[in-house]
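Step one of this worksheet: look at the structure below.
The values are calculated or read from the model by the stated rules, or taken from the named source; none is laboratory data. Predicted, not measured: the structure shown is a model, and the values here were computed from it. Counting neighbours? That spans all protein chains shown, and the Cβs are built from the backbone with ideal geometry, glycine included. To get the accessible areas, we keep the full protein, side chains included, count just its heavy atoms, and leave off ligands, DNA and RNA. Shrake-Rupley method; radii C 1.70, N 1.55, O 1.52, S 1.80 Å.
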Amino acid sequence: MLSRQLQRNILKVAAAPSVRLSLAKQAPRVVLFSLRTFSNTAQKQNASTVETLTPNSDSLGFETTAIEKPGRPIYLDMQATSPMDPRVLDAMLPYLTDLYGNPHSRTHQYGWETERAVEEAREQVAKLIGADPKEIIFTSGATEANNLSLKGVAHFYKGKKKHIITTQIEHKCVLESCRVLQEEGFDVTYLPVQPNGLIDIKQFEEAIRPDTSIVSIMSVNNEIGVIQPIEEIGKICRKNKVFFHTDAAQAVGKIPMDVNAMNIDLMSISGHKLYGPKGIGAIYVRRRPRVRLEAVQSGGGQERGIRSGTVPTPLVVGLGAACKIATEEMEYDDQRISRLSKRLIDGIQSKVEQVVRNGDDVHTYPGCVNLSFSYVEGESLLMALKEIALSSGSACTSASLEPSYVLRALGADDEMAHSSIRFGIGRFTTEAEIDYVINHVVGHVNKLRDMSPLWEMVQEGIDLKSIQWSQH
Amino acid sequence: MANPATKTQVISLYRQFLRSGSKFGAYNFRDYAIRRARDGFRSHMNEADPEKISAFIKKAEQELKVVQRQSTISSMFNSGQRLIIEEQRIVRTAGDN
C-alpha cells in the first residue's frame, strides 16, 4: 500500500513540483518501516515518555525545566490485576501459534489436540479447588461467572424461591446482578458487615428464609482483603438446603480453597488475578447435590449448555497453567507475601502515626493491605505517589472520587474512607520495592500533613469533631 | 549428594538458571527467576534419596527450558523503560534482611 502511495506521489510530483518536499520526507520513512524491529517499537514508546517542556510566550519569565521521567512506577495494585507469570505464557504460546484448532471440532486432529489441552486445563483448575473436572465451566471471567451463578440459579428456581442473600461489600458485579434481579421481582437481603469487615454469622443465619434460593458471599474482599468464614457459611447453607455461591476471584490460588470441605455449591474464578491471562475465568458448579442453572447466553451448547461459545483454548490453557503453578507455589508465595506484607505495615506504622489498617487483623489476606492515613486525603496521596502504581479501592470505581462503599459498610466515617489506600503485594513483588514504597509513603504523608491545617489543629489538641464549620 | 557427577550436574543447572534468569527484561520477573531458583535449589540441598534427586533434576531441566525461552521473549518485548527502582537502587536481590 505504501509503495502505491509513493507511486501516486511521484505522479503528483510530475504534475506539481510543490509536493516534492512531502515525497522527500516520506521516502526515508518507508525504509525505516521495513527495518523496524520489536526493540525499535519499544524505544519509540520510551521516547514518548520523556517530557520536553517548551515555555509558552505567556509564561511571564518563569523558568521551565524539562523533567525526564525517572522510570516506570512500581506496581503495587495486584487486586486490580496481576502480571502474567512467564510460565503461563510459555504454556499458552503453542496454542497461540501452531495448535489453533477449535476444541469442539470432533472430526480432525486439530480439534482433538486442543480439546485435550482444554480438558487438561480443566483438571488443573479442578485440582486447585478440590473439585471434579466435570464441575468446571470456563467463562470470560469472574464477572460472567458471578452473573451466571446468581441469575442462573435465581431464574431456574424462581417458581418456588424468590429470595437472595448477599453482603454489602460484594464486588460491583454481584451487587448489580442482585439489583437487576430485584427489578425482576426477587427479594434481596444485603447483609451488613461488622467494623472488622466480617459478616455476623448469627445475623446471617436469621436472614435465611424458607424461600431463599441462593446465598452469595465473597471469599476474599477485593478492597480490604478480609477472608469471610466460608466454611461456617457453607455449613449453614447446606443445613438449610440453600445454594451457596462464593466469589473467589481474589482467593483462588492465594489461600487454600476446597469446595467440598467448605460446602461451596458455586464458585467464581478469575484468570488474571492469579497470574493468568485476562479474559478468562471459570465457574465451579456442584454436581452432587446438583445445582441447576439457566444459561444466560444462548448458542452452540458448549460447556454443558451453561456457557455457549467456542472455548478460547490459549486462554484456558493459560488459566490451567496458572492454577497448576498456584497449586505448587501457594505455600512459597504465601510465606513470602506474608513477610513482605508485615514489612510494609510495620515499616509504615513505625514511622508514621495514626495509620490504621482496615479490615480484620487475623482473617485478612496478607497480599491486600488497605491503610487509612488520618488527615491525609487519599487521592492527593495517590497523586503525590506517582512513582508507585496504587489505588484507593477497586479499579472499577477508581475514576470517581466517591469514598469506597466497602469502607463505608465497615462503618468508617467519610474522612477515614477518603484517606485510604490499597497496597497489593504479589508473587513478583520484591523487598527493594517494599522498602522504596515505605520511604516514599512516609515522606509524602509527612509532607501532606505538614501542609494540612487540620493536622496542625489535631497536633494542638483540638478535636475536629467538636468544630462547628461555618456554612457558606 | 554423594555422587560427584550428580553434584557437578546440579551446580551446572543452578548456574544456568541464574544466567538465563538474569536475562529477563522485566525487573520483577528477573528478580523472581533468580530468587526462586536459589530458594528451590537450597530447599533440596540436603536431599539424600537418589530417586528424588533425579526427579528434581528432571523437573529443573524442564523449568530451565521455560526460563530460557521466556527470558528471551521478555527481553524482546521489553517496554524499553526500566522500573524506577532499577534506576537508583543499590542492587539487592531478595533476602529477608
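Could you look through region A:368-380, keep only residues that are farther than 21 Å from A:Gln250 by Cβ and outside any loop (DSSP other than H, G, I, E, B), and pick out the one that is least open to solvent (accessible area, probe 1.4 Å)? Outline the logic, then answer.
Filtering region A:368-380 for residues farther than 21 Å from A:Gln250 by Cβ gives A:373-377, A:379-380.
From what is left, the residues that are outside any loop (DSSP other than H, G, I, E, B) are A:373, A:379-380.
Values: A:Phe373: 0, A:Glu379: 43, A:Ser380: 42 Å².
For region A:368-380, the residue satisfying everything is A:Phe373.
Of all residues in region A:239-261, those that are assigned to a loop (DSSP other than H, G, I, E, B) and open to solvent by 30 Å² or more (accessible area, probe 1.4 Å) total 6.
Scanning region B:22-48 for residues that are closer than 16 Å to B:Glu61 by Cα and of a type in the set (Gly, Ala, Ser) gives B:Ala33, B:Ala37, B:Gly40.
In region A:409-450, of all residues being modelled with pLDDT under 90 and open to solvent by 20 Å² or more (accessible area, probe 1.4 Å), the one that is nearest to the other protein chains (Cβ to nearest Cβ) corresponds to A:His418.
Would it be correct to say that A:Gly347 is at pLDDT below 95 and either open to solvent by less than 70 Å² (accessible area, probe 1.4 Å) or in a helix (DSSP H, G or I) (or both)?
Numbers: at pLDDT below 95: no; either open to solvent by less than 70 Å² (accessible area, probe 1.4 Å) or in a helix (DSSP H, G or I) (or both): yes.
The answer is no for A:Gly347.
Among residues of region A:388-409 that are part of a strand (DSSP E or B), those with a Cβ under 7 angstrom from a residue that is small (Gly, Ala, Ser), sequence gap 6+ or separate chain, pair up as A:Ser391/A:Ala80; A:Ser391/A:Ser398.
Screening region A:298-319 for residues that are in contact (Cβ under 8 Å) with a residue 24 or more places away in the chain and assigned to a loop (DSSP other than H, G, I, E, B) and picking the one that is farthest from A:Ala145 (Cα to Cα) gives A:Gly300. Taking first residues from region A:72-99 that are more than 9 Å from chain B (Cβ to nearest Cβ) and closer than 21 Å to A:Val311 by Cα and partners that are open to solvent by less than 10 Å² (accessible area, probe 1.4 Å) and assigned to a loop (DSSP other than H, G, I, E, B), the Cβ contacts under 7 Å between residues at least 6 apart in sequence or on separate chains come to A:Met84/A:Gly276; A:Met84/A:Pro277; A:Val88/A:Gly276; A:Val88/A:Pro277; A:Met92/A:Pro277.
Go through the residues of region A:35-48 one by one and say whether even a single one is at pLDDT 95 or above, assigned to a helix (DSSP H, G or I) and surrounded by 13 or more Cβ atoms within 10 Å (Cβ to Cβ). Lay out the reasoning, then the answer.
Let us first name the residues in region A:35-48 that are at pLDDT 95 or above, namely none.
Checked region A:35-48: no residue is at pLDDT 95 or above, assigned to a helix (DSSP H, G or I) and surrounded by 13 or more Cβ atoms within 10 Å (Cβ to Cβ).
Residues in region A:118-155 that are farther than 21 Å from A:Glu170 by Cβ, part of a helix (DSSP H, G or I) and open to solvent by 10 Å² or more (accessible area, probe 1.4 Å): A:Glu119, A:Glu120, A:Arg122, A:Glu123, A:Gln124, A:Lys127, A:Leu128, A:Pro133, A:Lys134, A:Glu135. Residue count for region B:17-54 satisfying the condition of being surrounded by 13 or more Cβ atoms within 10 Å (Cβ to Cβ), outside any loop (DSSP other than H, G, I, E, B) and within 14 Å of chain A (Cβ to nearest Cβ): 18.
For A:Glu402, the test of being surrounded by fewer than 17 Cβ atoms within 10 Å (Cβ to Cβ) and of a type in the set (D, E, K, R) is passed. Taking A:Glu205, is it without any contact (Cβ under 8 Å) to a residue 40 or more places away in the chain, open to solvent by 10 Å² or more (accessible area, probe 1.4 Å) and closer than 14 Å to A:Phe244 by Cα? When the stated conditions are applied, A:Glu205 passes them.
Considering each residue of region A:381-396 in turn, at least one proves to be farther than 21 Å from A:Lys342 by Cα, in contact with a helix residue (DSSP H, G or I) (Cβ under 9 Å, 6 or more places away or on another chain) and open to solvent by 60 Å² or more (accessible area, probe 1.4 Å). Only a single item in (1) at pLDDT 95 or above; (2) closer than 18 Å to A:Pro289 by Cβ is not met by A:Lys160, and it is number (1).
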